[in-house]
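> Provided herewith is a single structure, encoded as structure tokens, for subsequent inquiry.
The values are calculated or read from the model by the stated rules, or taken from the named source; none is laboratory data. As the structure is a prediction and not an experimental result, all values here were calculated from the model. All Cβ positions, glycine included, derive from the backbone under ideal geometry; neighbour counts span all protein chains shown. Only protein heavy atoms, including side chains, enter the accessible area calculation; ligands, DNA and RNA are left aside. Shrake-Rupley method; radii C 1.70, N 1.55, O 1.52, S 1.80 Å.
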Amino acid sequence: MVDEEYKKLLKQFHKLSDRHILIVETDMSSCDVQKVVALSDKIKKAGNELVGLMRKHYDQLMRTKRYRKLLKLYGTTEDKKKCKDFAVQLNEMQKQYNVTWNFCRTSMIPVGKKYGIDAVFALTKAEDVWRGMEKCLYDNGKILHFSKYGELPCMRAKQINRGIPISVKDNKLQFKLGKTFFGIQVNDKFQTDEVNAVLSYLAEPRIIDGKAIQTFVEGAYFIDTYRPCYATLVPKLIRGRYRVYLHLTMEGKAKPKYDRFGNLRHKYGNGIVGADIETQTVAYTSDTEIGLKNLSERGNSIQKSERLERLYYRAMDRSRRATNPQNYDKDGTIKKGRKSWDYSNHYKKLKTKHSERCRINAINRQLAINEDANHLRSLGDIFITEPKNAGKLMKRAKETTRNNKGKFNKKKRFGKSIKNRCPSGFQTTIEKKFKVSGGTYLEVPNHYRASQYDHTAGDYIKKKLSDRMYHLMDGTFVQRDWYSSFLLYCYDDKTKNINTSKCITKFEECYNKEKALIKWIKANKIKVLNSGIKIA
């Protein structure tokens with residue numbers, strides 16, 4: 001009975017505890033790397049076959065008038081009892097048309113055997129496919145997509161003793177895939193600390209689990225056990241060469257990082273940070289510092305890299321049009337229907353260069369986002385911003401309008417800016433950073449409208465989107481994004497509104513910092529996108 005209770009508590013602890021991932025490169029030989037790439041390609045093909053099957057059943061379900069009508073009624077009905085009845089009917093129809101997790105899982109079994117894939121990897125791929133299907137059924141997903149040619153999915157084994165089991169040999173972590181044994185390359189102090197923590201757990205798992213359960217029962221406190229949960233192999237094509245990385249999911253929070261002098265790399269601050277996150281920039285106000293900078297920018301070369309990425313893509317388009325004239329109409333648009341495409345060697349070289357440039361830009365983007373998130377966390381522990389709206393801004397305009405000259409206005413909006421600057425990804429990273437590190441992340445309600453309020457007038461004054469620099473009612477000349485961040489900094493969580501007394505007491509101090517910041521931006525000739533700050 002005691003043993004059963006111990007297992008029950010341990011299972012509950014595993015379910016509620018934190019998780020983090022250690023990413024390290026494997027020490028596989030080139031021959032073993034090619035085997036992993038071949039296995040990944042098989043998993044991709046099996047996944048595409050399952051996607052085709054699930055799409056077929058989903059399309060048949062969506063073609064029925066009854067299901068579409070039930071969906072509409074479920075979305076518009078406010079009565080909870082009626083909603084439950086509609087939900088039951090929707091679930092019954094999903095079972096009738098085989099759009100269920102059980103059908104997805106069982107359908108993957110013969111497909112996995114056909115391609116010779118381990119059952120654990122096949123089940124994981126089925127879970128990924130079903131996750132996409134759930135977005136179509138219950139979220140804003142429209143269609144289940146196939147994996148493209150050349151894409152290599154990861155190989156994830158959700159159980160540490162199956163698929164990619166872990167063991168210890170000569171006080172080092174060792175992994176196994178099929179008949180291949182391999183280790184990992186530990187390059188820095190952080191990775192060394194993480195690996196040593198895993199080795200300590202594997203040396204005496206029963207004792208550490210016992211301590212974890214004891215602290216969990218007595219004080220509802222979760223200690224970091226660093227139990228290896230499962231491993232994932234991720235093949236990547238880097239500079240024309242395949243490399244395989246291991247993502248080891250572990251129990252607990254990540255170890256702190258230190259610099260070469262032994263000091264903490266990331267320090268956590270106290271206080272309020274108000275931030276206005278635009279499509280290309282972020283403006284923030286805190287107790288100690290204010291700022292206005294471009295998003296996802298790490299050095300001055302990022303804009304050149306983004307331009308080079310576009311130039312490669314345009315060159316690819318010209319080459320594709322030259323070798324496939326039969327697939328285009330006279331006005332340059334692509335013909336409808338099924339087509340066959342021929343690609344020249346010049347096109348293939350351009351595509352390789354474009355893919356490599358996209359990879360480099362994506363990594364730099366993510367590194368810049370992490371650096372900015374760590375800096376904002378060092379300024380305070382309460383982060384206040386507006387709700388995410390990048391997805392809405394990315395959509396094309398529906399209505400066709402004309403300008404003063406009689407020409408049609410463009411329907412495209414902020415797609416390219418959002419792709420290059422990732423405002424939503426930045427906001428998600430900030431949210432995780434503050435919550436994981438013990439801080440608070442707040443989003444103001446929609447009626448807050450920080451960009452329209454004027455604290456000197458005590459009222460909302462509508463402004464054009466093009467007014468980046470404007471005068472307040474008392475004549476003060478402010479930068480719009482920074483002023484929005486200042487009003488977010490003055491948010492009152494109790495009343496869910498603007499704290500006008502804080503605005504009056506703090507404005508002069510923050511405004512002087514803002515003038516100094518703009519002066520510094522102009523002196524250093526820093527181009528802040530869509531800020532209205534003109535550089536001579």
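> Test G141 against the criterion of being open to solvent by less than 90 Å² (accessible area, probe 1.4 Å), within 24 Å of I43 (Cβ to Cβ), among the small types (G, A, S) and touching a Gly at 6+ places or on another chain (Cβ under 8 Å), and give yes or no.
Here the answer is yes, as G141 does meet what is asked.
> Quick one: which residue in S531, S485 is in contact with a strand residue (DSSP E or B) (Cβ under 6 Å, 6 or more places away or on another chain), of a type in the set (S, T, N, Q) and open to solvent by less than 40 Å² (accessible area, probe 1.4 Å)?
Exactly one of S531, S485 is in contact with a strand residue (DSSP E or B) (Cβ under 6 Å, 6 or more places away or on another chain), of a type in the set (S, T, N, Q) and open to solvent by less than 40 Å² (accessible area, probe 1.4 Å), namely S485.
> Further question on the same structure: Is at least one residue of region 421-436 open to solvent by less than 30 Å² (accessible area, probe 1.4 Å) and over 30 Å from R19 (Cα atoms)?
Checking region 421-436: not a single residue is open to solvent by less than 30 Å² (accessible area, probe 1.4 Å) and over 30 Å from R19 (Cα atoms).
> Can I ask one more? Take the residues of region 515-528 that are of a type in the set (D, E, K, R) and modelled with pLDDT of 90 or more: which is surrounded by the fewest Cβ atoms within 10 Å (Cβ to Cβ)?
Of all residues in region 515-528, those of a type in the set (D, E, K, R) come to 515, 519, 522, 525, 527.
Filter once more, keeping what is modelled with pLDDT of 90 or more: 515, 519, 522.
Details: K515: 12, K519: 10, K522: 13.
That would be K519.
> Determine the pairs where a residue that is exposed (fewer than 10 other Cβ atoms within 10 Å of the Cβ), located within region 393-409, has a partner that is assigned to a loop (DSSP other than H, G, I, E, B) and of a type in the set (V, I, T) with Cβ atoms under 9 Å apart, the partner being 6 or more residues away or on another chain.
Matching pairs, first to second residue: F408/T400; F408/T401.
> Could you go through region 366-377 and let me know if any residue there is within 22 Å of the chain's Cα centre (by Cα), closer than 23 Å to N446 by Cβ and surrounded by fewer than 16 Cβ atoms within 10 Å (Cβ to Cβ).
No: region 366-377 contains no residue that is within 22 Å of the chain's Cα centre (by Cα), closer than 23 Å to N446 by Cβ and surrounded by fewer than 16 Cβ atoms within 10 Å (Cβ to Cβ).
> Output the number of residues of region 147-163 satisfying the condition of being under 20 Å from W101 (Cα atoms) and over 20 Å from the mean Cα position of the chain (by Cα).
3
> What is the residue count in region 488-514 for residues that are surrounded by fewer than 12 Cβ atoms within 10 Å (Cβ to Cβ), more than 31 Å from the chain's Cα centre (by Cα) and part of a loop (DSSP other than H, G, I, E, B)?
Total meeting the criteria: 1.
> With the requirement that a residue be out of contact with any Lys or Arg (no Cβ under 6 Å at 6 or more places or on another chain) and open to solvent by less than 20 Å² (accessible area, probe 1.4 Å), what does region 471-482 give you? Reasoning before the result, please.
Step one: list which residues in region 471-482 are out of contact with any Lys or Arg (no Cβ under 6 Å at 6 or more places or on another chain), which gives 471-479, 481-482.
Within region 471-482, L472, V478, Q479, D481, W482 meet the criteria.
> Also: From F486, F477, grab the single residue that is in contact (Cβ under 8 Å) with a residue 12 or more places away in the chain and of a type in the set (F, W, Y). Full working, then the answer.
Details: F477 fails: in contact (Cβ under 8 Å) with a residue 12 or more places away in the chain.
Being in contact (Cβ under 8 Å) with a residue 12 or more places away in the chain and of a type in the set (F, W, Y) holds for just one of F486, F477, which is F486.
> Looking at region 226-242 only, could you name the residues that are surrounded by 15 or more Cβ atoms within 10 Å (Cβ to Cβ), touching a Phe, Trp or Tyr at 6+ places or on another chain (Cβ under 8 Å) and more than 22 Å from V198 (Cα to Cα)?
Correct list: P235 only.
> Which of the residues spanning region 243-265 are open to solvent by less than 60 Å² (accessible area, probe 1.4 Å) and in contact (Cβ under 8 Å) with a residue 60 or more places away in the chain?
R243, V244, Y245, L246, H247, L248, T249, M250, E251, G252, A254
> Considering only residues that are farther than 21 Å from I164 by Cα and in contact with a Ser or Thr (Cβ under 8 Å, 6 or more places away or on another chain), look in region 212-225 and name the one that is surrounded by the most Cβ atoms within 10 Å (Cβ to Cβ).
Looking at the filtered set, the residue picked out is A212.
> While we're here: Taking region 84-138 as the search range and keeping residues that are of a type in the set (S, T, Y) and not in a helix (DSSP H, G or I), which one is farthest from the chain's Cα centre (by Cα)?
By that ranking, first place goes to Y97.
> Please go through region 1-37 and pick out each residue that is in a helix (DSSP H, G or I), closer than 21 Å to K158 by Cα, open to solvent by 50 Å² or more (accessible area, probe 1.4 Å) and of a type in the set (A, V, I, L, M).
L16 - this is the single residue of region 1-37 that is in a helix (DSSP H, G or I), closer than 21 Å to K158 by Cα, open to solvent by 50 Å² or more (accessible area, probe 1.4 Å) and of a type in the set (A, V, I, L, M).
> I've got another one for you. Kindly provide the set of residues from region 332-368 that are modelled with pLDDT under 95, in contact with a Lys or Arg (Cβ under 9 Å, 6 or more places away or on another chain) and in a helix (DSSP H, G or I), ordered by number.
Answer for region 332-368, where residues must be modelled with pLDDT under 95, in contact with a Lys or Arg (Cβ under 9 Å, 6 or more places away or on another chain) and in a helix (DSSP H, G or I): E356, R359, N364, R365, L367, A368.
> Suppose the filter is surrounded by 18 or more Cβ atoms within 10 Å (Cβ to Cβ), out of contact with any Asp or Glu (no Cβ under 7 Å at 6 or more places or on another chain) and in contact (Cβ under 8 Å) with a residue 12 or more places away in the chain; does G112 pass it?
Yes: the conditions hold for G112.
> At pLDDT 95 or above and closer than 30 Å to R206 by Cα, is that true of V51? I'd like the intermediate steps shown before the answer.
Values: at pLDDT 95 or above: yes; closer than 30 Å to R206 by Cα: no.
Against the criterion (at pLDDT 95 or above and closer than 30 Å to R206 by Cα), V51 does not qualify.
> Right, another one. Mind counting the residues in region 162-194 that are more than 25 Å from K15 (Cβ to Cβ), in a helix (DSSP H, G or I) and in contact (Cβ under 8 Å) with a residue 24 or more places away in the chain?
Selection size over region 162-194: 4.
> Hey, among Y448, Y453, Y460, which residue is among the aromatic types (F, W, Y) and open to solvent by 30 Å² or more (accessible area, probe 1.4 Å)?
Of Y448, Y453, Y460, the one residue that is among the aromatic types (F, W, Y) and open to solvent by 30 Å² or more (accessible area, probe 1.4 Å) is Y460.
> Follow-up question, since we're still on this one. Identify, please: which residue in region 159-180 is within 22 Å of Q191 (Cα to Cα) and among the charged types (D, E, K, R) and is, among those, least open to solvent (accessible area, probe 1.4 Å)?
K176
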